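Here is the structure we will look at, set down as structure tokens.
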Amino acid sequence: MTSFSNSLGENICQKFEIYDWRNALAILTAVHPEEFANLKGVLDGFSLNHSAFSVGGGNKSLMAKSIDSALYALGWTEKAFDTKIVVDEIEYPSPTHKVDCFKNKVALEVEWNNKDPFFDRDLNNFRLLYELRIIDLGIVVTRTTALQPVLVGAGRPGTTYGKATTHTEKLYPKIVGGGAGGCPILVFGIKPEAYVDDRTDP
């Protein structure tokens, strides 16, 4: 895979597997430099602490909330869009799912440990918002499939982070298969190298 260290830095590339679909990273850096700087700062300071995933919480674990809250502090918001189709002056509601983090036509979803069909929902949402010219690209932060043994070794049952949950092996084929339509997609998959065992008694 192409190295992204020139734009993202070695630290982020060590902790995340980056997947760039339809030149999403180039669009983010060139068209949305402020949002790129926000995201880069948050991911650069990120670590997957044991304390952040050792308790439950589904897709809104402490880990997911830590990314959300860091972006919210920089002006990103959770955003729902009231979309509709008008045909001969008759309105047909076409609601989209709310986006975890949104700022200036950049949408980001954190999928830590949901059922993998949530990827379909996210990508379809990105597709619709892109076609409506509401976003320029979509970003997904999730975990790499390679992280699974680390989580099991850290005391989380294999069934908790199973094959049918949200990880990169499930996401990439959906993107390549056209799940997001023409929307550029940028994926940051959390690698084993991001794990920090912060237990006092491991």
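If we keep just the residues of region 162-202 that are among the aliphatic types (A, V, I, L, M) and within 16 Å of the chain's Cα centre (by Cα), which is surrounded by the most Cβ atoms within 10 Å (Cβ to Cβ)?
Only one residue fits best here, namely Ala180.
Tell me, which residue of region 95-137 that is in a helix (DSSP H, G or I) and of a type in the set (Phe, Trp, Tyr) is surrounded by the fewest Cβ atoms within 10 Å (Cβ to Cβ)?
In this case the residue turns out to be Phe118.
Counting only residues that are under 23 Å from Lys174 (Cα atoms) and either outside any helix (DSSP H, G or I) or touching a Pro at 6+ places or on another chain (Cβ under 8 Å) (or both), how many does region 2-47 have?
Residues meeting the conditions: 13.
Going through region 59-91 one residue at a time, which ones are assigned to a strand (DSSP E or B), within 30 Å of Thr165 (Cβ to Cβ) and more than 14 Å from the chain's Cα centre (by Cα)?
Matches in region 59-91: Thr77, Lys79.
Give the residue that is nearest to the chain's Cα centre (by Cα), with candidates limited to residues of region 116-154 that are touching a residue at least 60 places away in the same chain (Cβ under 8 Å) and closer than 22 Å to Asp82 by Cβ.
So the residue we want is Gly138.
Report yes if Arg156 is at pLDDT below 95, of a type outside the set (S, T, N, Q) and either touching a strand residue (DSSP E or B) at 6+ places or on another chain (Cβ under 6 Å) or within 22 Å of Phe53 (Cα to Cα) (or both), otherwise no.
So Arg156 passes the test.
If you check every pair at least six apart or on different chains, which have Cβ atoms under 6 Å apart with a residue in region 35-54 that is among the aromatic types (Phe, Trp, Tyr) first and a residue that is modelled with pLDDT under 95 and in a loop (DSSP other than H, G, I, E, B) second?
From region 35-54, the pairs are Phe53/Ser61.
The values are calculated or read from the model by the stated rules, or taken from the named source; none is laboratory data. Being a predicted model, the structure only gives us computed values, none of them experimental. Using ideal geometry, Cβ is built from the backbone for each residue, glycine included, and neighbour counts are taken over all protein chains shown.
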